[in-house]
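Since the structure comes first, as C-alpha cells, the remarks are kept for the end.
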Amino acid sequence: MSRDHFVHGFLNPKSVAFFGANNKGGSLAAIQIMNLIKSEYSGNVYPIHPKLETIMGFKTYKTISNVPEIPDLVVIVLTAKIVPQVFKECGEKGVDKIILISGGFRELSGDRKNTLTEEINEIAGKYGIRFIGPNCLGVFNNWFEKNHSNSAFNIAIWEHLKKGNFSIASQSGTLSSHIWFDPENLDLGLSKSLSVGNEANIDIVDCLEYYKDDEETEVIGLYIEELKRGKRFLELAREITPKKPIIAIYVGGSQGGNRALQSHTGSLAGDSKIYNAVFKETGVIKTDYVQEFLDIALILSNKILPKGNRIGIITNSGGPGAMIANNAEKHGLVVPEFSESLQNELKAILPTTAGFNNPVDCTFDMNLPYFYINLPEILMKSGEVDSIFQYGVVGFQDVMNDYLQNEKIAKWAEFENPSEEQMDKLAEKLLKPTMKNSREYSVPIFYINPMSFTSPWSKRLRRNGAMLFKLWDRSVNALAKVCQYIEYKQKQE
C-alpha cells in the first residue's frame, strides 16, 4: 500500500515546521506558509525564527527544540552553509522528514566545489532522516483531505487546482509548479506533485514506487535530467505502464542542454538515444514539449481511451478536415474510408452539399442537434472509428451577441439574444448525450473551437465534460502518442 511507503509522510504531514520564513512577500518559506493558508491546511504550522514573535499569524519558536511536538515535516529555506547545523538540530529533536528547498549544494561548477551534500547525508544517516532536495520547490497533495474540495497540503503551487488523478515527479521545480499558473485555461486536475531537486537522498525512483500503488494516481508525469538508478527505473516502469501510463520529458543529450544541467544541478545527462530506447522498451510515453506533456495527460486522465488508432473527422469546413486527416496519418493514425452502409446512413441526414466519406464535411450548417449529437452517435455506433475529432463547435451566439452591441445592427436584427440560462441549457442538451455515448462506446471525442478557450460557449462545452482544443494540431499529436501507448499496453496483456 502507498500509505506504507515513506514518501506518504511527506505528502500527509499533520504538522510542519519552517526555517527561513518571515512576513516579507519575497521570502520563499513565507510564500509556502501562505500557500498552506490559501489551501486551508488543517495541521499545525511552526515557523522557526530567532527574533520575530509571529509569522503570517503563527506563533514562532526560536529553535526547533522549543517546538511543543516533534513536527511530522520540516521545511528549510536557508543559506546552504547553515543547513548542516539545522539538520543536526532536527535530528536531535527526533525529526525524520525534511524538505530542503535551499540551493548551493551540487549546482556549483568549475573550482567552486563544496562538501555540503556529503555533510548533510552523513547527518541524515546518523539520525534516520529522509529528505527531499536540495534545490527543490516542495510538494503538493490535493487529496490531503479527500472530502474537502478546497483543501490541500500545498507548499509548491500558487493556484487552487481541482482534484485529479494526474501526479508529477520532477527534477525541475519549475515543471512541477509553474505549469499550473493558469488553471482557468487548463482542464487537467492534479493529484500530487513531488519536486525532488538534486536527489541527494530521495529520487524519482522513490516517487515511482509510491505512485505505483497510490489509489489517487492513475496517470504519472516525469521530468528527468538524469537517472541514478537506471536498472530499478526499468523494473518499475515495466511493472507500472501496463496499469498506469507514464509520460516523461527528458532534457539531456544536446550540448547546450548538458551544459545547462551541469551548471543548474551538477548532473551529467546521458545519451538521449539510450533514454529513448528505455522509454520505448518500457512503454513510457516520451515528449519533448511541456504543452504536449499536459495534452497527453488530459487525454489519459479523461479515462475514455480509444481501442485503436482509427479516427473519424466531423467538420463544418473543408480545410481543417483535410489538415486533421493529413497530420493524423503523418503521426501513425488511420483515417479510414467509411463502409458503404455507414456512408448511406450519413447521406440520409446530411445536406446534399456535404461530404460523407471521412472527413464528414457538413459545410456551414446551423442544425446543431445533428451536428453535436446525431453525427457523433452514428460514428460511435458504427464500430469503424476509435476516436472522433469534431471541428467547428463555435459559439455562434457569442458572435451574434457581439454584433448586437452595434446600434445600427441591433436596430434591424431579427435574431434572438438568448439568456445565459437558455444558453446553459442548450449546451447541456447538446453535450450530455454525446458524453454518455463516448463513455458507453469508449470512443473519445475531441472538440475544436478556434474561439478563445475562455469564451462563453467554450466554457459551457468544458463544463459539460468536453475535451476542448482551440486548434487541431495539438490534439492530433497527443492522441497519436496515446495510441502508441495503448498498442504497447495491449501487447502486454
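Computed quantities for the displayed model
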quantity	calculated
Residue count, the stretch 453-476 (criterion: more than 20 Å from the chain's Cα centre (by Cα) and assigned to a helix (DSSP H, G or I))	5
Subset of the stretch 10-33 (residues that are in a strand (DSSP E or B) and crowded, with 20+ Cβ neighbours inside 10 Å)	16, 17, 18, 19
Residues of the stretch 61-107 satisfying the condition of being in contact with a His (Cβ under 9 Å, 6 or more places away or on another chain) and basic (Lys, Arg)	62
Options 36, 78: the member that is modelled with pLDDT of 95 or more, under 31 Å from the mean Cα position of the chain (by Cα) and in a helix (DSSP H, G or I)	36
Some residue of the stretch 381-389 being assigned by TED's automatic domain parsing to the domain that holds residue 468 and assigned to a helix (DSSP H, G or I)	yes
Which numbered condition residue 174 misses (of (1) modelled with pLDDT under 95; (2) within 25 Å of residue 40 (Cβ to Cβ); (3) surrounded by fewer than 20 Cβ atoms within 10 Å (Cβ to Cβ))	(2)
Which numbered condition residue 45 misses (of (1) more than 30 Å from the chain's Cα centre (by Cα); (2) surrounded by 15 or more Cβ atoms within 10 Å (Cβ to Cβ); (3) under 21 Å from residue 141 (Cβ atoms))	(1)
Yes/no for residue 403 being modelled with pLDDT under 95 and assigned by TED's automatic domain parsing to the domain that holds residue 321	yes
Entirely in the stretch 286-374, the helices (runs of 4 or more DSSP H) that have 1 or more residues that are among the aromatic types (Phe, Trp, Tyr) and closer than 30 Å to residue 162 by Cβ	290-301
Residues satisfying the stated conditions in the stretch 379-399, i.e. farther than 25 Å from residue 478 by Cβ and aliphatic (A, V, I, L, M)	399
Pairs with Cβ under 8 Å, 6+ apart, first in the stretch 352-366 and among the acidic types (Asp, Glu), second exposed (fewer than 15 other Cβ atoms within 10 Å of the Cβ)	361/318; 365/351
The stretch 404-452 - residue that is surrounded by 13 or more Cβ atoms within 10 Å (Cβ to Cβ) and of a type in the set (Ser, Thr, Tyr) and, of those, nearest to residue 317 (Cα to Cα)	447
Selection count, the stretch 433-452, where residues are at positive phi and part of a strand (DSSP E or B)	0
Failed criterion for residue 407 (all others in (1) more than 30 Å from the chain's Cα centre (by Cα); (2) within 22 Å of residue 476 (Cα to Cα); (3) charged (D, E, K, R) hold)	(2)
Residue list for the stretch 79-101, restricted to those being out of contact with any strand residue (DSSP E or B) (no Cβ under 6 Å at 6 or more places or on another chain) and of a type outside the set (A, V, I, L, M)	79, 81, 84, 85, 87, 88, 89, 91, 92, 93, 94, 96
Search result, residues across the stretch 140-161 that are among the acidic types (Asp, Glu) and either within 16 Å of residue 29 (Cβ to Cβ) or in contact (Cβ under 8 Å) with a residue 40 or more places away in the chain (or both)	145
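The values are calculated or read from the model by the stated rules, or taken from the named source; none is laboratory data. Remember, predicted model here, so these are calculated numbers, not experimental data. Cβ coordinates were reconstructed from backbone atoms using ideal geometry, including for glycine residues, and neighbour counts include every protein chain displayed.
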